[in-house]
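What follows is a set of notes on a single structure, which appears directly below.
The values are calculated or read from the model by the stated rules, or taken from the named source; none is laboratory data. Predicted model only: the values in this text are computed from it and were never measured. Don't worry about glycine lacking a Cβ; one is built from the backbone with ideal geometry, like all the others, and counts go over all protein chains shown. Surface accessibility is based on the protein's heavy atoms, side chains included, excluding ligands, DNA and RNA. Shrake-Rupley method; radii C 1.70, N 1.55, O 1.52, S 1.80 Å.
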Amino acid sequence: MAGPRLVALFQFVPLVVSCQFALAASVNEFVPLADYVKLPKLFVYDDFGDCRDANPDGFVYCVVHARILPNTSSELWLNISHISDDFQHFDHARLERGVCIESCETTLQAAGTLAGYDWSPNRTHASIARSCISAQIQSQYGLQIESDVNIYHCYTDSDMHPTLGILEALFYLLLFLLATLVLSSTAYDMREFKRQGYPVSYYLRQLESKRDRLWVAFSIPRNLHRLKDTVGGSIRQDLQFLEAFRCIVMLRVIILHVILAHIKLPQTNTFFIEGIQHRPETIVYIAEFQNYVQTFLSISGMLMTVNFLEHIRKNPDFDLTHAWKKIRSRLYRIVPAYAFVIFLQCALMKRMIDGPLGQHFIGESQDNCRRWWWANLLFINNYIQTEEPCLIQSWYLAVDMQLFIYGVTAMMLIWRWPHLKEHIFRSAFVCALVLPTVASYVFQVTPVMTAHLKNAHHYSRKHDYQYDIYFPFHQNIGVYSFGMLAGFVYHHYRDSRKALLNSTMFRVIFHAALILVILSLSTVYWVLVYRNHIAPILQAIYSTFFKQSWGILTTLIQLALALFSVNSPIKRAFSHPVFGVAGKLSYSIYLIHFTVIELVYGGVMGPVFSNERVVVTYLAQVLLWTLVIGLGLTVLIELPAAAALKELLEQENADKAEVQEIQLPPVMNPPKPVES
């Protein structure tokens with residue numbers, strides 16, 4: 001299949017889907033704006049800076065959640081109830097208020113409302129806040145709020161100036177030791193560079209003694225050269241284009257997470273956010289969130305398999321320890337940077353709170369990390385407390401590690417007993433077809449991912465689709481196995497590429513997969529709109545159809561491009577060296593990007609007016625800081641720690657016949673095989 005035809009097929013998909021959007025645009029209707037603006041504002045905050053500055057002797061600022069009491073005689077309440085019934089909308093009976101307690105007390109005293117009020121030390125901030133909120137809702141809307149309100153969090157002087165805790169002190173000590181280590185290693189490496197007469201390739205080659213390799217592991221110039229180091233070999237050239245795939249999907253992941261954080265942000269114009277939910281293109285965009293993961297897992301399975309097969313080709317004798325070597329090498333790369341970011345969340349993030357939304361973003365993450373850090377480092381957080389994520393993106397690290405262990409185990413079995421290959425893949429593909437269908441039917445899960453604005457304050461977590469179909473290891477075996485199968489096919493046909501690319505069977509399978517994806521994207525809108533009229537078993541079958549169709553297509557695209565000539569224009573474009581550098585940064589970028597999102601959004605001082613330009617502005621800020629901090633995390637921790645651990649924990653006389661691998665990040669950059 002030629003490159004131009006592949007590009008034409010990519011262009012055809014959005015064209016067909018766009019036509020479906022145009023035909024469907026009138027199916028869902030939203031509330032007229034004139035009626036919507038009469039509703040009570042969901043988010044109203046007193047000015048945080050004024051509250052703090054006007055009370056230098058001590059202030060209390062509380063974020064309070066209050067519910068409106070039902071009132072069937074009120075037309076306004078009926079509208080509130082009607083709008084809130086739609087799962088695509090916020091709960092308009094749940095109000096969020098930022099209340100300056102001192103200002104509230106002053107207002108109530110001036111109005112005489114506090115006559116006979118209990119001024120004992122036992123009075124609560126909740127009762128004071130409720131009085132102010134109740135007075136405002138009653139006077140403006142003629143409605144009442146429930147007697148009990150929920151204080152989400154109260155900010156005081158101690159929150160703005162927290163005392164130095166033991167975890168924070170240990171983190172500062174770690175930073176000092178790390179800085180000392182980096183400076184010492186850099187100085188030693190540069191001295192050796194000078195002593196050897198400034199050789200051009202000095203930073204690209206390993207030093208002779210283990211002691212010297214340890215000394216230079218944290219050298220900044222050496223690790224910068226590792227970023228741009230390119231290793232030759234036909235397999236590396238064949239698979240270099242996957243770096244571009246990962247970078248593109250990584251950008252989409254960051255965009256997605258910025259959108260999730262922005263929806264969590266209190267809004268002054270909630271109509272904008274809710275209105276978008278009714279657009280067909282938005283529904284399709286949300287439904288195909290899972291395709292990002294499908295792409296990553298397919299790439300991971302394919303590269304793991306190719307690398308393993310190269311090892312078997314060069315080392316045909318079965319070695320039971322090889323599986324542990326693969327997993328150990330992976331842990332060298334994952335754990336140090338991962339542990340550092342978790343430690344950062346636990347120790348330092350609370351000090352970054354400087355506004356009324358700090359607890360919404362920064363505080364929640366720190367609290368969750370302090371409770372569940374162990375689940376992250378054991379790579380089981382896709383099953384443990386998934387509704388309280390330490391790092392919202394880290395569930396994928398757990399799935400990726402679990403699937404890597406599954407893949408290596410499967411390859412070890414195939415290496416020892418080749419006849420098991422057919423049974424292993426058959427079982428995996430049965431799981432791909434059966435497990436999503438069963439989960440969707442038994443747990444009555446929506447057939448695809450949807451946005452639940454009522455869970456916006458949980459980053460749209462607490463969604464059954466995520467818990468039952470998206471996060472679990474067993475629900476992702478299928479796409480990882482598709483990637484593994486593609487690895488076998490590539491390894492078999494790389495010396496006779498045209499035999500596969502020109503075969504009728506491959507063309508038929510590819511076009512069938514493309515048609516399946518087009519059908520899934522063009523029908524998902526109607527399936528969701530009319531799901532109450534579709535039998536549950538048919539919805540469950542559709543769930544599997546939608547989930548697996550993109551996994552099959554992206555795997556076939558990867559396989560086709562891998563077998564393309566290296567001189568193919570499309571392959572040359574995707575294999576540009578800039579993608580190689582970006583690929584090596586991608587793991588650290590993945591680790592740190594949500595921490596940056598928390599810092600950016602946690603510094604917002606109150607509800608914002610949202611539109612497309614505002615969202616893009618926040619996105620640009622997040623991307624810039626993520627790139628800068630991700631570069632530092634890669635060069636100062638990820639790459640040097642992996643090199644140091646390898647020298648410390650592996651024997652000097654390691655098996656020289658072992659196939660060399662480019663040690664790339666496991667999430668966005670699985671190990672790549674390199675011909676020796």
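Filtering 293, 335 for residues that are assigned to a helix (DSSP H, G or I) and within 30 Å of residue 456 (Cα to Cα) leaves a single hit, 293. Contact map, region 315-334: residues that are more than 18 Å from residue 651 (Cβ to Cβ) paired with residues that are of a type in the set (S, T, N, Q), Cβ distance under 7 Å, separation 6+ or inter-chain. Pairs shown: 333/663. Would you say residue 363 is crowded, with 23+ Cβ neighbours inside 10 Å and touching a helix residue (DSSP H, G or I) at 6+ places or on another chain (Cβ under 7 Å)? No; evaluated as a whole, the condition is false for this residue. Candidates in region 234-251 are the residues that are open to solvent by 20 Å² or more (accessible area, probe 1.4 Å) and out of contact with any helix residue (DSSP H, G or I) (no Cβ under 6 Å at 6 or more places or on another chain); of these, the one that is nearest to residue 300 (Cα to Cα) is 245.
Please work out if residue 159 is modelled with pLDDT under 90, over 22 Å from residue 36 (Cα atoms), among the acidic types (Asp, Glu) and not in a helix (DSSP H, G or I). Criteria not met by residue 159.
Taking the conditions (1) among the small types (Gly, Ala, Ser); (2) assigned to a helix (DSSP H, G or I); (3) within 30 Å of residue 354 (Cβ to Cβ) in turn, residue 98 satisfies each one other than (2). Each residue in region 313-345 was checked for being open to solvent by less than 40 Å² (accessible area, probe 1.4 Å), out of contact with any Pro (no Cβ under 6 Å at 6 or more places or on another chain), among the β-branched types (Val, Ile, Thr) and within 19 Å of residue 405 (Cβ to Cβ), and 1 pass.
Only one of the numbered conditions (1) assigned to a helix (DSSP H, G or I); (2) open to solvent by less than 50 Å² (accessible area, probe 1.4 Å) is not met by residue 350, and that is (2).
All of 368, 381 fail the test of being buried (at least 17 other Cβ atoms within 10 Å of the Cβ) and assigned to a loop (DSSP other than H, G, I, E, B), apart from 381. Residues in region 354-385 that are among the basic types (Lys, Arg) and touching a Cys at 6+ places or on another chain (Cβ under 6 Å): 370 only. Here residue 140 passes the criteria (1) in a helix (DSSP H, G or I); (2) within 20 Å of residue 40 (Cα to Cα); (3) modelled with pLDDT under 90 except the one numbered (3). The residues on offer are 574, 510, and the sole one that is out of contact with any Phe, Trp or Tyr (no Cβ under 9 Å at 6 or more places or on another chain), crowded, with 18+ Cβ neighbours inside 10 Å and closer than 30 Å to residue 238 by Cα is 510. Only one entry in 516, 561, 585, 528 is closer than 30 Å to residue 342 by Cβ and of a type in the set (A, V, I, L, M), namely 585.
Note on region 502-535: residues that are among the β-branched types (Val, Ile, Thr) and over 15 Å from residue 448 (Cα atoms) amount to 5.
Return yes when residue 533 is open to solvent by 40 Å² or more (accessible area, probe 1.4 Å), in contact with a helix residue (DSSP H, G or I) (Cβ under 9 Å, 6 or more places away or on another chain) and either of a type outside the set (Lys, Arg) or closer than 27 Å to residue 282 by Cα (or both) and no when it is not. In short, no.
Picking from residues in region 213-265 that are of a type in the set (S, T, N, Q) and in a helix (DSSP H, G or I), the one that is nearest to residue 454 (Cα to Cα) is 223. Consider residue 237 carefully, then state whether it is closer than 24 Å to residue 558 by Cβ and not aliphatic (A, V, I, L, M). Yes, satisfied. Contact map, region 144-161: residues that are within 15 Å of residue 65 (Cα to Cα) paired with residues that are open to solvent by less than 60 Å² (accessible area, probe 1.4 Å) and among the basic types (Lys, Arg), Cβ distance under 6 Å, separation 6+ or inter-chain. Pairs shown: 149/130.
Quick grid of which residues meet (1) touching a residue at least 24 places away in the same chain (Cβ under 8 Å); (2) under 18 Å from residue 395 (Cβ atoms):
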position	(1), (2)
264	yes, yes
267	yes, no
276	no, no
294	yes, yes
297	yes, yes
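Restricting attention to region 190-210 and to residues that are in a helix (DSSP H, G or I) and touching an Asp or Glu at 6+ places or on another chain (Cβ under 9 Å), the residue that is least open to solvent (accessible area, probe 1.4 Å) turns out to be 202.
Criterion first (more than 25 Å from residue 245 (Cβ to Cβ), modelled with pLDDT of 95 or more and within 19 Å of the chain's Cα centre (by Cα)) does residue 342 satisfy it? Spelling it out, residue 342 is indeed more than 25 Å from residue 245 (Cβ to Cβ), modelled with pLDDT of 95 or more and within 19 Å of the chain's Cα centre (by Cα). Of the residues 303, 309, the single one that is open to solvent by less than 10 Å² (accessible area, probe 1.4 Å), part of a helix (DSSP H, G or I) and under 27 Å from residue 490 (Cβ atoms) is 303. Scanning region 128-143 for residues that are touching a residue at least 40 places away in the same chain (Cβ under 8 Å), in contact with a helix residue (DSSP H, G or I) (Cβ under 9 Å, 6 or more places away or on another chain) and open to solvent by 30 Å² or more (accessible area, probe 1.4 Å) returns 141, 142.
Within region 65-74, is even one residue open to solvent by 10 Å² or more (accessible area, probe 1.4 Å), closer than 26 Å to residue 458 by Cβ, in a strand (DSSP E or B) and out of contact with any Leu (no Cβ under 6 Å at 6 or more places or on another chain)? Checking region 65-74: at least one residue is open to solvent by 10 Å² or more (accessible area, probe 1.4 Å), closer than 26 Å to residue 458 by Cβ, in a strand (DSSP E or B) and out of contact with any Leu (no Cβ under 6 Å at 6 or more places or on another chain). The residues in region 44-64 that are surrounded by 13 or more Cβ atoms within 10 Å (Cβ to Cβ) and either part of a loop (DSSP other than H, G, I, E, B) or in contact with a Ser or Thr (Cβ under 7 Å, 6 or more places away or on another chain) (or both) can be counted, and the count is 7. Checking region 511-518 against the condition returns no match, with no residue being within 22 Å of the chain's Cα centre (by Cα), within 30 Å of residue 258 (Cβ to Cβ) and either basic (Lys, Arg) or in a helix (DSSP H, G or I) (or both).
Whether a residue is open to solvent by less than 70 Å² (accessible area, probe 1.4 Å) and at pLDDT 95 or above was assessed, and residue 556 passes this test. Close contacts from region 181-198, counting a first residue that is farther than 11 Å from residue 219 by Cα and a second that is surrounded by 15 or more Cβ atoms within 10 Å (Cβ to Cβ), with Cβ to Cβ under 6 Å and a gap of 6+ residues or different chains, come to 193/202. A Cβ distance below 6 Å, combined with a sequence gap of six or more or placement on separate chains, defines the contacts here; from region 587-605, residues that are in contact (Cβ under 8 Å) with a residue 60 or more places away in the chain and farther than 16 Å from residue 621 by Cα reach residues that are polar (S, T, N, Q) and open to solvent by less than 10 Å² (accessible area, probe 1.4 Å) in the pairs 588/634.
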